[in-house]
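What follows is a set of notes on a single structure, which appears directly below.
The values are calculated or read from the model by the stated rules, or taken from the named source; none is laboratory data. Owing to the predicted nature of the structure, the values given are computational and were not obtained by experimental measurement. Cβ coordinates were reconstructed from backbone atoms using ideal geometry, including for glycine residues, and neighbour counts include every protein chain displayed. Only protein heavy atoms, including side chains, enter the accessible area calculation; ligands, DNA and RNA are left aside. Shrake-Rupley method; radii C 1.70, N 1.55, O 1.52, S 1.80 Å.
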Amino acid sequence: MGYEDKELKWVGTRQIRPDGVDKVTGRANFGADLNLPGMLTGKILRSPHPHAKIVSINTDKAAALPGVKAIVTGADMPEMPSEMAQAGEGAVNFRYLSNNIMAHDKVLYDGHPVAAVAAISDAVANEALSLIEVEYEVLPHVIDVEESMKPDAPVLHDTIFTAGVEPKPEKPSNVVMRVQMGFGDPDAGYEKSDVVIERNYTTQPVHQGYIEPHAAVVEWTENDECRIWCSSQGQFMVRTFTAKLLDLELAQVRVTPAEIGGGFGGKTTIYLEPVAALLSRKSHRPVRMVMSRDEVFRATGPTSGTAMRVKIGATRDGKIQGAEAELKYQAGAYPGSPVAPGCMTAFAPYALENVKTVGYDVVVNRPLSASYRAPGAPMASFAVESAIDELAQELGMDPIDLRLKNAAKEGTQAPYGPKFKSIGYIETLEAAKAHPNYNIPLGPNQGRGVASGFWFNIGMQSSATVNVAEDGTVCVISGNPDIGGSRASLAMMAAEVLGVDYNKVKIIVGDTASIGYNDVTGGSRVTFATGMAIIQAAEDVVQQLRERAAMTWDIGVDAVVWEDGFARPASANAGDFKPLSLADIAAKAGRTGGPINGKAAINARGAGAGFGTHICDVEVDPDTGHVTVLRYTAVQDAGKAIHPGYVEGQMQGGVAQGVGWALNEEYIYGEDGRLQNPGFLDYRMPVASDLPMIDTVIVEVPNPAHPFGVRGVGEVPIVPPLGATANAVSHAIGKRMTDLPLSPPAIVSALDS
Amino acid sequence: MAKFHVTATVNGEEVEYLCDPQQTMLDVLRDELNLTGTKEGCSSGDCGACSVILDGRLVCSCLALGAELDGAKIETIEGMAEGDELHPLQQKFLEEAALQCGFCTPGFLVAAKNLLERNPDPTETEVRYWLAGNLCRCTGYDKIIRSVLDVAAEMRGS
Amino acid sequence: MAQVVLSNELGRQFAGGQTHFDVDAVNVRKLIGALDEMFPGLGAELQSDGIAIAIDGEIFSDPFLEAIADNSEVYFLPAIKGG
Ligand code: FES
Ligand code: FES
């Protein structure tokens, strides 16, 4: 059922979110806010070494400290087979996950957990940690991705042999796999080209930077039930992962989602829950674990640092004839960098005949990388969009015109193979070109950069319940943590379908025992997929309401229509009955068959690909190298903006993160392999005074697969800012900047060279 | 370890608590007084999630010691609304979608309220610099800054 | 006949380097069965969790009974995770 030609009352408006008042008054409960009777504090001892064998761990002294109630080491974690296993959103190697949460025989990065204690207070727990004696045999380490690929690099895992190369390697390697995709023959394309750009680029790992550190409370009940309260991007993900790692049945684990203080992909995995569960089981008391910011930086997130090479050739008319990219992504301590989506998205905005991307997933002695908003795409996009910009310069073309000349549209074969369905990339380019900001004259030391970006958006599994109360109010249960206002957009869609007032619709995020399975809040899927489930559940309710009205009037159900919250006879022929409201029908539901509850459980198909185009204006201080972002304009095809305020918010937030990635953020390691900037002071995320207002333009090219046309919006906006910002800086200083971040020292040294 | 006995005024009410010498004001608010609206993002003074007003001054509660608060007057996010009446900043944040995850929100609201009490007519730049000690990773600050400027204008008008 | 495209890696591992095939199948299950008959072992690989399928441009993360039309284009791709 589509709603395109209906007049929409709620969808597309700016409603106040249902959980809003709790959040502005401090009442909302986030991961660290729960306090249970008898609760202990859990803390983790972490490796100071980037790479070492654990020779022995002696916990006797710590155990003897008064107030210490339990101690856990890797020996307490069940052995996991090393194999990819289905787990919610995708395949996970539980051996790696287990070893990352608690090292078994080897530590692989500064911050790798080696033991944990539960004690009656923070002070006692900290003292206990200092009493645990770990004997390490320190091994040589490797931090840099290209160093790690060398044949003589210290090997992290002697079980990893590079996949995807011929002949099959006989020696273990830090290169986990090589992927290649594309079609045509780029070399033939360069032959035809008048201009060929080829350059190397690097980006540094950056952290998702959610302000709420990871936190979990676990109570192992005497009934052998593992009760978890935690902030995550998916209570079902936490359930699956925790149960797997501890060899439990899923129904034994019940996860209640706390409010989540930001995730951006970084909370689509777990770090604390199994450890807290073991501590609780041993101590027979609830245990709360909250990470410090230092721990968050050293041992969670970040996304991959990269080394990349891009080559693009075009004829004078601006037509791209050939393109290729080689992408080397740091996975961190265990396999799993997002290099494959990097390869898939790199050239996605362009219609190409000859394209090839090659990617390498490489382990290094750094924390295991985690998903970060459009995983893998921003770095590859930075490299490609920089090369496209340089191409425009060489050709003397406007960078938007060059993109228009080569833009992907419906039917274009994407670089990863299939042909795009309906997409709105060209619309974003046109809107960007028409934006007044694009024509504001620039002064000295100022530059303007343009870049585009793509993300697939995903569907996947969602369950939803819509319960009608006797007075006609409606309760919706979703299974996705609300990370950025999704309760509002979901309730608005339910209100729209039911034809009731938005304020009559209450929505909760259910725990794993009270709502059916849902994949994580991620991949820009909630408003699309869970929205679809809620729409279907609401339509299920509408169908029941029509049936109840038909029963009441003693006419056929086909003779009843549902309009604006009322059952009405379909036509005069059906009879002359006073319309029945949802409240009228609900009040009498008992006599027409019992409670009215709608349900849907779906695997949402038809996620609509998303594109965005950004314009960044900067001014560079030639003396200090400091970059001021003067203006920023983000244009994006949202399909349909259910709540435009939160769509704009996603775009603005993505831009801020992307600008931080481009200008300042980076992980800095010393020679000793230790992280030197594990805090917000030295890991410099953008603050309010670093940014201007971020202008947004929402383009709406509806996704035909969604009843309201939704595509999903959360990820696209972090893809273009790296390229847009770097292009702007390059123009401002007249030098092509290829290595992020463009921090003041980097700019000063470029200017001096 | 001997505990300190402290008497202070929090959101207009007198409170008494015992605390360890190393407990911060943030620990005391959250763990001893159960005022969990004040958030911990870093405990090093770098994120502003723990912002409170101490004797009229905006401070990071993670940087003050609980034991030093005898006789102090503290205002937290929990005291910002007057009964059922939200503070205009709270209302505006809701209307303008100035929060996404909402974790930074208490800190921003407390800091912004303090700004408007000192400077009812701030420029955009002044708002941005005043709030530069509060990190938000979700919003890109745009809607937060607009909300504060709008409320300042409305409060001046009324 | 549907046009089916495997990744380079799968083509190399199972199909002697070939990646493009014409296969007669009405749905994904039948298609994977047919491919497995042509290249034993490929079927299990194609049903593993790291692999998604695009049918005529639409990506499915865990396809099974999705219909395949006579001239559909089918691509086997790395599965996508979100952030
Ligand atoms: S927790 Fe106090 S400034 Fe971050
Ligand atoms: S709204 Fe999430 S950190 Fe500000």
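Extension gain residue A:152-residue A:6, at 0.36 nm per residue separation less the Cα-Cα distance, in nm?
46.0 nm
Rounded to the nearest 10 Å², what accessible area does residue A:53 show when all protein chains are kept and the probe is 1.4 Å?
Its accessible surface works out to 100 Å², give or take rounding.
At 1.4 Å probe size, with the rest of the protein present, what percent of the exposed accessible area of chain C is carbon and sulfur atoms?
About 51 percent, which is the carbon plus sulfur part of the accessible surface.
Set the Förster distance to 51 Å, then compute FRET efficiency between residue A:410 and residue A:35 from the Cβ-Cβ distance, nearest 0.05.
That pair, residue A:410 with residue A:35, gives E of 0.40.
Keeping every protein chain in place, order A:475, B:42 by accessible area at 1.4 Å, biggest value first, i.e. largest first.
A:475, B:42
For residue A:267, give me every one of the lysines with a C-alpha distance below 17 angstrom, ignoring sequence neighbours fewer than eight places off in its own chain.
C:81
Let me check I've understood the local charge: for residue A:79, count other residues with C-beta under 15 angstrom from its C-beta, Lys and Arg +1, Asp and Glu -1. What total comes out?
Net charge around residue A:79: -1.
Normalising by the residue count of chain B, find the relative contact order in percent from Cα pairs under 8 Å and 6+ residues apart.
So the answer I get is 23 percent.
Solvent-accessible area of residue A:517, probe 1.4 Å, all protein chains present, reported in Å² to the nearest ten, please.
Around 60 Å² of this residue is reachable by solvent.
According to a simple spin-label model (label point 7 Å from Cα along Cα-to-Cβ), what is the distance in nm between residue A:63 and residue A:199?
6.0 nm
Sort C:20, B:87, A:614 from largest to smallest accessible area, using a 1.4 Å probe on the heavy atoms of the protein chains.
The ranking, largest first, comes out as C:20, B:87, A:614.
Take the solvent-accessible surface of the protein heavy atoms, probe 1.4 Å, and return the percent of it on segment A:437-538 that carbon and sulfur atoms account for.
Exposed carbon and sulfur together represent 52 percent of the surface.
List the residue ranges in chain A for DSSP H helices whose C-alpha atoms run 27 angstrom or more along the long axis and whose Kyte-Doolittle average is 0.0 or above.
A:531-553, A:644-663
Residues of A:206-214, mean number of Cβ from any other protein chain within 10 Å of their own Cβ, rounded to a whole number?
Per residue, the number of nearby Cβ atoms from other chains is 5 on average.
Among the lysines in segment A:1-110, how many pairs, 8 or more places apart or on different chains, have alpha carbons under 23 Å apart?
Final tally of qualifying lysine pairs is 8.
Top to bottom by accessible area (1.4 Å), largest first, where do B:84, A:695, A:739 land?
Descending order: B:84, A:739, A:695.
Taking a probe of 1.4 angstrom, what is the accessible area of residue A:231 in Å², to the nearest 10?
The accessible area of residue A:231 comes to roughly 10 Å².
Once you keep just the Cα pairs under 8 angstrom separated by 6 or more residues, what percentage relative contact order results for segment B:4-79?
40 percent
In whole percent, and with a 1.4 Å probe on the protein chains, what portion of the accessible area of chain B is carbon and sulfur?
Here carbon and sulfur together make up 46 percent of the probe-accessible area.
Roughly what would the spin-label model give for residue A:671 and residue B:129, points 7 Å off Cα along C-beta, in nm?
Spacing of the two 7 Å Cα→Cβ label points: 4.1 nm.
Net charge near residue A:546: determine it from the other residues with C-beta under 12 Å of the C-beta of residue A:546, scoring Lys and Arg +1 and Asp and Glu -1.
-3
Please give the Cα centre distance for segment A:32-98 versus segment A:646-692, rounded to the nearest Å.
Result: 29 Å between the Cα centres.
So what's the back-of-envelope 222 nm ellipticity for chain A, counting only DSSP H runs of four-plus at -39500 (n - 2.57) apiece and dividing by all residues, rounded to 500?
-8000 deg cm²/dmol
What is the distance in Å between the Cα centroid of segment A:350-370 and that of segment A:608-634?
25 Å
When you look at the Cβ of every residue in B:120-131, what mean number of other chain Cβ atoms sits within 10 Å?
Per residue, the number of nearby Cβ atoms from other chains is 2 on average.
Based on the alpha carbons, how large is the Rg to Rh ratio for segment B:4-79 when Rh follows Kirkwood?
Rg divided by Rh gives 0.91.
Roughly how many Å² is the accessible area per residue of the protein assembly as shown, as a whole number, for a 1.4 Å probe?
That works out to 36 Å² for each residue.
Before we go on, tell me the buried accessible area for the C/A pair, both chains summed, 1.4 Å probe, in Å² to the nearest 100.
2300 Å²
Please compute one quarter of the surface area of the Cα convex hull for segment B:88-157 and express it in square nanometres.
Result: a mean projected hull area of 3.9 nm².
Please state, to two decimals, what the Cα-based radius of gyration of the protein assembly as shown comes to when divided by 2.2 N^0.38 Å (N = residues).
0.93
Which value, in square angstrom to the nearest 100, describes the accessible area buried between chains A and B on both sides, using a 1.4 angstrom probe?
What A and B bury together is about 4000 Å².
Segment B:105-158 to segment A:143-196: how many Å between their Cα centroids?
50 Å
Taking every pair of Cα atoms in segment A:430-516, average 1/r, invert it to obtain the Kirkwood radius, and report Rg/Rh to two decimals.
1.26
Stick to the Cα atoms of segment A:160-226, pair each with every other, and give me the Kirkwood hydrodynamic radius in Å at one decimal.
Averaging 1/r across every pair of different Cα atoms and inverting gives 18.8 Å.
Using the basic label-point model (7 angstrom from Cα toward the beta carbon), what is the residue A:437 to residue C:65 distance in nanometres?
Distance between label points: 4.8 nm.
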